[in-house]
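Here is the structure we will look at.
The values are calculated or read from the model by the stated rules, or taken from the named source; none is laboratory data. No experiment lies behind these values; they were computed from the predicted model shown. For neighbour counting, all protein chains shown are included, and Cβ atoms are generated from backbone atoms with ideal geometry for every residue, glycine included.
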Amino acid sequence: MKVLKGLFIAMFFSVSIASAGHHEEENSYMLQALEKTGQHTILISAIKAAGLEKLFTEQSKVPRTLYAPNDEAFKKLPEALSDEFFVKNNKKAIRKLLLNHVFAGAHSGDNVKSSGTLTVNLDGKILKIYQGDDLYVKDMVITENDILVDNGVIHSIECVMFVQPSVEDSRLDLETRNKFSMTSCCMRSALEVEAFLSDVK
């Protein structure tokens with residue numbers, strides 16, 4: 001089990017940000033900063049394939065938070081979803097996946113309330129981000145420094161995120177499903193892939 005100081009998201013315990021500090025990119029925007037890491041080439045390709053470059057460049061100055069799956073995260077995707085993205089080139093699915101990883105506002109360990117900060121992702125799902133002291137990290141662990149850019153914050157994550165209604169998450173007990181409306185987890189199972197694709201319009 002990993003115990004870290006950090007921040008977690010999705011009205012449950014599935015995503016955590018280790019308090020590893022900040023790295024500031026002056027006069028830089030999200031796409032430029034991702035290119036500099038050398039670890040997000042698949043994500044960059046997906047952004048361009050979905051036609052979402054404007055969200056991540058100087059053309060969009062609205063502060064946002066990007067949970068950025070690294071290349072290893074995409075390589076861990078279930079084969080069915082990987083094929084949907086990289087063989088079938090399903091642009092609607094790629095677009096939806098990316099919008100689930102972008103949140104309104106610039107959120108880091110420095111500005112998230114201990115009582116929780118309400119936010120919404122660009123796919124329209126309302127979630128809460130929490131700052132805690134000692135958290136048990138179940139799924140997504142962020143080990144890199146936050147990257148601060150002119151239009152927000154980037155958190156590099158180790159897997160591709162799946163945001164779903166808690167009532168559909170079989171890992172949760174009934175009390176948790178009733179208490180938290182949304183859950184975030186790593187996209188791993190065939191059922192999660194099926195649920196994600198069924199919501200692509």
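So the check is Cβ under 9 Å with 6+ separation or different chains; which pairs have a first residue in the range 186-201 that's more than 11 Å from ALA80 (Cβ to Cβ) and a second one that's of a type in the set (Phe, Trp, Tyr) and surrounded by 13 or more Cβ atoms within 10 Å (Cβ to Cβ)?
CYS186/PHE162; ARG188/PHE162; ALA195/PHE162
Does GLU144 satisfy the condition of being of a type in the set (Asp, Glu), modelled with pLDDT of 85 or more and surrounded by fewer than 20 Cβ atoms within 10 Å (Cβ to Cβ)?
Working: of a type in the set (Asp, Glu): yes; modelled with pLDDT of 85 or more: no; surrounded by fewer than 20 Cβ atoms within 10 Å (Cβ to Cβ): yes.
Answer is no for this residue.
Picking from ALA190, ALA104, which residue would you name as being farther than 20 Å from LEU55 by Cα, among the aliphatic types (A, V, I, L, M) and at pLDDT 85 or above? Walk me through how you get there before you give the answer.
Values: ALA104 fails: farther than 20 Å from LEU55 by Cα.
Of ALA190, ALA104, the one residue that is farther than 20 Å from LEU55 by Cα, among the aliphatic types (A, V, I, L, M) and at pLDDT 85 or above is ALA190.
Do we find a residue being touching a strand residue (DSSP E or B) at 6+ places or on another chain (Cβ under 6 Å) and either at pLDDT 90 or above or of a type in the set (A, V, I, L, M) (or both) anywhere in the range 81-99? Give the steps one after another, and end with the answer.
Within the range 81-99, the subset touching a strand residue (DSSP E or B) at 6+ places or on another chain (Cβ under 6 Å) is none.
Looking through the range 81-99, none of the residues is touching a strand residue (DSSP E or B) at 6+ places or on another chain (Cβ under 6 Å) and either at pLDDT 90 or above or of a type in the set (A, V, I, L, M) (or both).
Which residues, taken from the range 43-67, are more than 11 Å from LEU99 (Cα to Cα) and assigned to a loop (DSSP other than H, G, I, E, B)?
Listed by number, the residues that qualify are GLY51, THR57, GLU58, GLN59, SER60, LYS61, VAL62, PRO63.
Looking at the range 57-96, which of its residues are within 20 Å of GLN32 (Cβ to Cβ), among the hydrophobic types (A, V, I, L, M, F, W, C), buried (at least 16 other Cβ atoms within 10 Å of the Cβ) and more than 16 Å from the chain's Cα centre (by Cα)?
None - no residue of the range 57-96 is within 20 Å of GLN32 (Cβ to Cβ), among the hydrophobic types (A, V, I, L, M, F, W, C), buried (at least 16 other Cβ atoms within 10 Å of the Cβ) and more than 16 Å from the chain's Cα centre (by Cα), so the list stays empty.
Working only within the range 91-107, note down all residues that are among the β-branched types (Val, Ile, Thr) and in a loop (DSSP other than H, G, I, E, B). Steps first, please.
Residues of the range 91-107 that are among the β-branched types (Val, Ile, Thr), as a first pass: 94, 102.
Within the range 91-107, none qualify.
Among the residues of the range 68-90, write down those that are part of a helix (DSSP H, G or I) and not basic (Lys, Arg).
Here is the first cut: in the range 68-90, the ones part of a helix (DSSP H, G or I) are 71-75, 79-86.
Matches in the range 68-90: ASP71, GLU72, ALA73, PHE74, GLU79, ALA80, LEU81, SER82, ASP83, GLU84, PHE85, PHE86.
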